[in-house]
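To start, the structure under review is shown below, and the notes come after it.
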Amino acid sequence: MIVTTSELFRHAYGKYALGAYNINNLEQTVGLFRGNLGKVKSNDDPTNPAVSAPFIIQISRGARSYSDKRFLEAMIRTAEAVFPDAIFAVHLDHGTEETCYDAIDSGFYSSVMIDASHEPFEKNIEITRRVVDRAHAKGVVVEAELGQLGGVEEDVQGSVCLTDPGQAAEFIEKTGCDSLAVAIGTSHGAYKFTGTQGLRMDRLAEIQKAVPKNFPLVMHGSSSVPKEWVDRINAAGGKIKNASGVPEEQYLPAAKLGICKINIDTDGRLVWCATLREVFRDKPEDFDLRTSGKVFMANYAEYIAHKNKMLGSAGMLESVRALLTGRK
């Protein structure tokens, strides 16, 4: 069941955060759906209500151009049929105005993100308002961004500029956006913090007080960059040094302060990289791409299930289903 992020946020606000996971290929798609339903070993495992969770599939501009956007859409549609228990939103990640319009007009996306955060404040409002008007006319919800994260991921890069609480309130009022990604110290990529840097929970609390009551906030650049997976990559021939991420223990405190959606992309890449390196190392004679693919799908499903526990979304699927079906 594809739903909007707004429908999911109403259930999550103040209690837990939705995992927003980027996909690029078939193995990520299958592993993601299985992990959110507790089907770690195979597609045919029974859904596990204790760990199953609603979630958000994110498609970036880079993923849309990696092969062809139609492949991703077809895989998600197929996954929806293979895993009918799943409840999720399909979200365009870091869209330009043009890309947002393409996604809105496709009739496939339930949510789009317009990222004009690199523009001056008034220009950001102007662009976001246009996208909101176009999206709302077709029942699509809009995430916008105010402030800038550091780091680089795909073609998204920026210097840190924390979100101003007063500007956040004005921005929401003037644009009509449905959720707002805020800059509170996170960064894109695998090298988020140095020294004593970390999340600015004080700034997040100020933003929550300034914006309308129960307005959903979003945290980008929030992979935890687990040392276990970095170590596994390096043990299998990789060279990732001094990587750092957002501690998973900070997810729920952030959710209590209005964060409803937490973007996680880098972690999935680390699981993919470690899995392939280990399979190639341990089975040098094997040239079947399905060997590593099968291992990755299981590894990724297990990791997604773990992530949802840390987000607080594990076990929430059936209560979300009851809310949605009851309202309808």
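The values are calculated or read from the model by the stated rules, or taken from the named source; none is laboratory data. Not measured: the values here are computed from a predicted model. Don't worry about glycine lacking a Cβ; one is built from the backbone with ideal geometry, like all the others, and counts go over all protein chains shown.
Every condition in (1) closer than 25 Å to Ile184 by Cα; (2) crowded, with 19+ Cβ neighbours inside 10 Å; (3) polar (S, T, N, Q) is met by Asn242 except one, and the failing one is (2). Taken together, Gly62, Gly95 contain a single residue that is over 23 Å from Thr325 (Cα atoms), surrounded by 15 or more Cβ atoms within 10 Å (Cβ to Cβ) and modelled with pLDDT under 95, which is Gly62. Entry remark, region 31-55: residues being surrounded by fewer than 24 Cβ atoms within 10 Å (Cβ to Cβ) and either under 12 Å from Lys294 (Cα atoms) or within 17 Å of the chain's Cα centre (by Cα) (or both) number 4 in total. Note on region 304-318: residues that are touching a residue at least 60 places away in the same chain (Cβ under 8 Å), closer than 18 Å to Pro46 by Cα, surrounded by fewer than 21 Cβ atoms within 10 Å (Cβ to Cβ) and touching a helix residue (DSSP H, G or I) at 6+ places or on another chain (Cβ under 9 Å) amount to 1. Of all the listed residues (Thr325, Thr291), the sole one being under 21 Å from Glu7 (Cα atoms) and either assigned to a loop (DSSP other than H, G, I, E, B) or over 23 Å from the mean Cα position of the chain (by Cα) (or both) is Thr325.
Residue by residue through region 44-59, note down the ones that are outside any strand (DSSP E or B) and out of contact with any helix residue (DSSP H, G or I) (no Cβ under 6 Å at 6 or more places or on another chain).
Step one: of region 44-59, the residues outside any strand (DSSP E or B) are 44-54.
Matches in region 44-59: Asp44, Asp45, Pro46, Asn48, Ala50.
Among the conditions (1) within 22 Å of Gln28 (Cα to Cα); (2) not in a helix (DSSP H, G or I), the only one that Gly62 does not satisfy is (2).
For region 74-128, the tally of residues that are hydrophobic (A, V, I, L, M, F, W, C), without any contact (Cβ under 8 Å) to a residue 60 or more places away in the chain and out of contact with any strand residue (DSSP E or B) (no Cβ under 7 Å at 6 or more places or on another chain) stands at 9.
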